[in-house]
Amino acid sequence: LGYEFISKYLINDTITPIAKFITWFGGVTGLIVIGIILTIVLRNKVIGFCIWINLGTIALINQILKRLVQRPRPNEFRIIEETGYSFPSGHSMASAAFYGFLIYLINKKLKNKKIKIALTSILSLLIILIGMSRIYLGVHYTSDVYAGFAISISYLMIFTSIVGDYIDKPKGETNKSKEK
């Protein structure tokens, strides 16, 4: 439904460069660049490590699922060329996992409620826009994007439950010293 609607009614010369720009933030290059910047700026080795483990894990999960499902990409219209399978959307999965983890960190680490709300809103909107850009650019069906989001949200719930305590642990504290 979304794919057909966008292809018939929304494609125009004004939106296309915007969609190409937005999709960059969910692609390999964009996520690596932003990951490197965050690793340098945050200067927290544990969080930096978790950012990269998160990104690598979701990329691996995406590739496994693409090979299992082997759904061809849509071919009715394409604004950009992509290779590989369509389901689930890698950009949608990666952006939901990457920016979703940043939302988790923001809500866990920042004290200022207004900044938390602003950053969470911006990153949530970015995730949605990245998914929409993939449909707009003609390289994914709507179901590819929805599935990518759903898989990443489920994955993030597990990932954050595993790394949550590790991120909060003060330097030098061990599990034994925490129990005392």
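Key figures for this structure:
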quantity: Verdict on Ser92 being touching an Asp or Glu at 6+ places or on another chain (Cβ under 8 Å), open to solvent by less than 20 Å² (accessible area, probe 1.4 Å) and not in a helix (DSSP H, G or I); calculated: no
quantity: For Ile47: the one exception among (1) open to solvent by 20 Å² or more (accessible area, probe 1.4 Å); (2) over 12 Å from the mean Cα position of the chain (by Cα); calculated: (1)
quantity: Residue that is most open to solvent (accessible area, probe 1.4 Å) [pool: residues in the stretch 137-165 that are among the aromatic types (Phe, Trp, Tyr) and closer than 22 Å to Ala19 by Cα]; calculated: Tyr146
quantity: Criterion violated by Tyr85 - all others in (1) touching a helix residue (DSSP H, G or I) at 6+ places or on another chain (Cβ under 8 Å); (2) under 20 Å from Phe159 (Cβ atoms) satisfied; calculated: (2)
quantity: Of residues in the stretch 134-167 being in a helix (DSSP H, G or I) and of a type in the set (Phe, Trp, Tyr), the one nearest to Phe87 (Cα to Cα); calculated: Tyr146
quantity: Count of residues meeting criterion [open to solvent by 30 Å² or more (accessible area, probe 1.4 Å), farther than 26 Å from Asp168 by Cα and polar (S, T, N, Q)] in the stretch 55-89; calculated: 4
quantity: Residue check, Ser152 at pLDDT below 95 and not aliphatic (A, V, I, L, M); calculated: no
quantity: Selection status of Ile106, more than 17 Å from Ile34 (Cβ to Cβ) and either of a type outside the set (Ser, Thr, Tyr) or surrounded by fewer than 21 Cβ atoms within 10 Å (Cβ to Cβ) (or both); calculated: no
quantity: Pairs, first within 23 Å of Val163 (Cβ to Cβ) and open to solvent by 30 Å² or more (accessible area, probe 1.4 Å) in the stretch 109-135, second assigned to a loop (DSSP other than H, G, I, E, B) and not small (Gly, Ala, Ser), C-beta under 6 Å, six or more apart; calculated: Lys116/Leu110
quantity: Filter pass, Trp52 being closer than 17 Å to Val145 by Cβ and open to solvent by 70 Å² or more (accessible area, probe 1.4 Å); calculated: no
quantity: Residues (touching a residue at least 60 places away in the same chain (Cβ under 8 Å) and not in a helix (DSSP H, G or I)) located in the stretch 31-77; calculated: Arg71, Arg73, Pro74, Glu76, Phe77
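The values are calculated or read from the model by the stated rules, or taken from the named source; none is laboratory data. None of the values given here were measured: they were computed from a predicted structure. For neighbour counting, all protein chains shown are included, and Cβ atoms are generated from backbone atoms with ideal geometry for every residue, glycine included. The protein model used for the area step is the full one, side chains on, heavy atoms only, and it has no ligands, DNA or RNA in it. Shrake-Rupley method; radii C 1.70, N 1.55, O 1.52, S 1.80 Å.
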